[in-house]
């Protein structure tokens, strides 16, 4: 489905990003596995892809740092010779009630989750414009649509990503670069493992399908949006949330 | 100078699909050659490749006419 294509997945050493990297590789894409800190985990993902007969490299970069991002993208293009698919997945949480949230907690989340999407998107646009084709897939969140107490920073960033997706989609449509967002709901990852049982129970009650999602549920939608089957879709936000937010 | 202009003109004609006669030093990309903002960004990218140079965003924003591009290229070559 994606044979001959090349992809960069940010924050791909674990969680949803890892599932996306594995899924794209399983469809024949060459995948660059970005990580910020955990090189060993990123290497495991590369190994796993290689053991399944795929091709992958790992590339270190803090997506909130423009110099890092430029080097990362150059390295990927130099290694693969092209860049067809960017998945902006890297994200962090620094949850706190608004009244207790420190400025640095707000800034850190905005820098990684929102500015990181801007920097990576800007960084790949040149290459995709030259190729006259490209797919950018931003991993947002349903809370960016619905809001969530204790996550003013995260929600602001994710709502920002949804808005940026629409702007970017309009700017780049004439160059055949399609930009979409996915809004996952409650997905089983390290990030959601940090939630308390009470929070977990509360969220599960809000899900019509009454269960948590898996990384693969998100990854399969990424695969679709990256494929030729999604040629006529741009600027959209697709919820993968068991019906949590409609 | 003349050589730079000819090379720039060829790229402009190819990229914007305009008559050669319209591409003068004074011609404005947006007003006279019907380029949109993204076309100008792409032109600058192609000029960078053609002349093997890097044009910063700040400099690129100042390029409004064919002459601006030719003069900038000549000034740093």
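Are any residues in the range A:28-81 assigned to a helix (DSSP H, G or I), in contact with a strand residue (DSSP E or B) (Cβ under 8 Å, 6 or more places away or on another chain) and farther than 16 Å from residue A:124 by Cβ, and if so, which ones? Passing the criteria: A:39, A:41, A:42, A:43, A:45, A:46, A:49, A:50. Report yes if residue B:49 is within 14 Å of chain A (Cβ to nearest Cβ) and modelled with pLDDT under 90, otherwise no. So residue B:49 fails the test.
Any residue that is within 14 Å of another protein chain (Cβ to nearest Cβ), surrounded by 15 or more Cβ atoms within 10 Å (Cβ to Cβ) and closer than 23 Å to residue A:175 by Cβ - is there at least one of those in the range B:63-76? Within the range B:63-76 (the criterion being within 14 Å of another protein chain (Cβ to nearest Cβ), surrounded by 15 or more Cβ atoms within 10 Å (Cβ to Cβ) and closer than 23 Å to residue A:175 by Cβ), the answer is no, since none of the residues qualifies.
Any residue that is more than 26 Å from residue A:14 (Cβ to Cβ) and buried (at least 19 other Cβ atoms within 10 Å of the Cβ) - is there at least one of those in the range A:208-218? Within the range A:208-218, not a single residue is more than 26 Å from residue A:14 (Cβ to Cβ) and buried (at least 19 other Cβ atoms within 10 Å of the Cβ). Among the residues of the range B:27-38, just one is within 14 Å of another protein chain (Cβ to nearest Cβ) and touching a helix residue (DSSP H, G or I) at 6+ places or on another chain (Cβ under 6 Å), namely B:35. Candidates are the residues of the range A:158-208 that are assigned to a strand (DSSP E or B) and over 16 Å from residue A:239 (Cβ atoms); the one that is nearest to the other protein chains (Cβ to nearest Cβ) is A:177.
Residue pairs whose Cβ atoms lie under 8 Å apart, separated by 6 or more positions or on different chains, with the first residue in the range A:80-105 and on the phi > 0 side of the Ramachandran plot and at pLDDT below 95 and the second surrounded by 11 or more Cβ atoms within 10 Å (Cβ to Cβ) and not in a loop (DSSP other than H, G, I, E, B), do not occur.
Scanning the range B:28-37 for residues that are modelled with pLDDT of 90 or more and surrounded by fewer than 18 Cβ atoms within 10 Å (Cβ to Cβ) yields B:28, B:30, B:31, B:32, B:34, B:36.
For residue A:131, the conditions (1) touching a residue at least 12 places away in the same chain (Cβ under 8 Å); (2) touching a helix residue (DSSP H, G or I) at 6+ places or on another chain (Cβ under 7 Å) are fulfilled apart from (2). Here the condition is being part of a helix (DSSP H, G or I), within 11 Å of the chain's Cα centre (by Cα) and exposed (fewer than 14 other Cβ atoms within 10 Å of the Cβ); of B:58, B:6, B:48, it holds for B:6 alone. Counting only residues that are in a loop (DSSP other than H, G, I, E, B), farther than 24 Å from residue A:168 by Cβ and touching a residue at least 12 places away in the same chain (Cβ under 8 Å), the range B:9-31 holds 6 of them.
Of all residues in the range A:222-238, exactly one satisfies the criterion of being surrounded by 21 or more Cβ atoms within 10 Å (Cβ to Cβ) and out of contact with any helix residue (DSSP H, G or I) (no Cβ under 7 Å at 6 or more places or on another chain), namely A:225.
The values are calculated or read from the model by the stated rules, or taken from the named source; none is laboratory data. Here the structure is a predicted model, which is why all the values come from computation and not from measurement. No Cβ is skipped: glycine too gets one built from the backbone with ideal geometry, and neighbour counts run over all protein chains shown.
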